[in-house]
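Report on the structure given below.
What follows is calculated from the coordinates using simple rules that are stated; it is not laboratory data. None of these values were measured; they are calculated from a predicted model. Here Cβ is always computed from backbone atoms with ideal geometry, including for glycine, and neighbour counts include all displayed protein chains.
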Amino acid sequence: MVEWLKYFIDFVLHLDKHLFELVSTYGIWTLVFLFLIVFAETGFIATPFLPGDSLLFAAGAVAATGALNIYILVGVLVAAAILGDTANYWFGYHLGPKIFRKHKSAFFNPEYLERTNRFFDKYGGKTIIIARFIPIIRTFAPFVAGIGRMSYVRFASYNIFGAIFWVPPFAFMGYFLGTLPIIKQNFGFMIIAIIVISLIPAVVEYIRHRQMKRGRC
């Protein structure tokens, strides 16, 4: 378990290096790997730990070297994000109530569901778009939309707009900034910064919720 965790952390902090290795070995088939990672991160509530924003940035940086076509890359990842959320919506629609009758486990934490519900209470359907930029909430938002029986047409419109607003900005940011010497030399710190910044809204919301709870006591 410890070795697996070390490998995962190394993979996330050195995404550019590992993606270069994948492209060198598998060429265009690397797009399939990237598709599956984004699809799983957005499509399965058991895998919110997979890289999201940082992966998009790193993939864009790799594309800047000519190893991948940036426009094909963006198209593939937008499709992965849309299909992942769609699958997650239907999982929530059909399986959500059964799954969350169970107690907290390594994969299904009711606290994540409660946190996502607070976002829906505050932002309504726009949560599907906003959640694209917030780890964990991003994974649970379509699931909660399914549980809540949000109209699929309404969900699909938010889903498509969210994917378009999420994938291209991060991918193109990596494409234009990822090859700068200062970024390349400090790529691990850049990845950490992206992760920390993306977590800030969820942390603020959590702290606010805790303060409200104490206020009621």
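The figures follow:
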read-out: Virtual spin-label span in nm between His14 and Lys122, 7 Å along Cα→Cβ; value: 3.8 nm
read-out: Local electrostatic count, Asn159, Cβ distance below 13 Å [Lys/Arg +1, Asp/Glu -1]; value: +3
read-out: Spin-label model distance (nm) - Phe176 vs Ser151, 7 Å beyond Cα toward Cβ; value: 3.7 nm
read-out: Between region 59-94 and region 116-191, the alpha-carbon center distance in angstrom; value: 11 Å
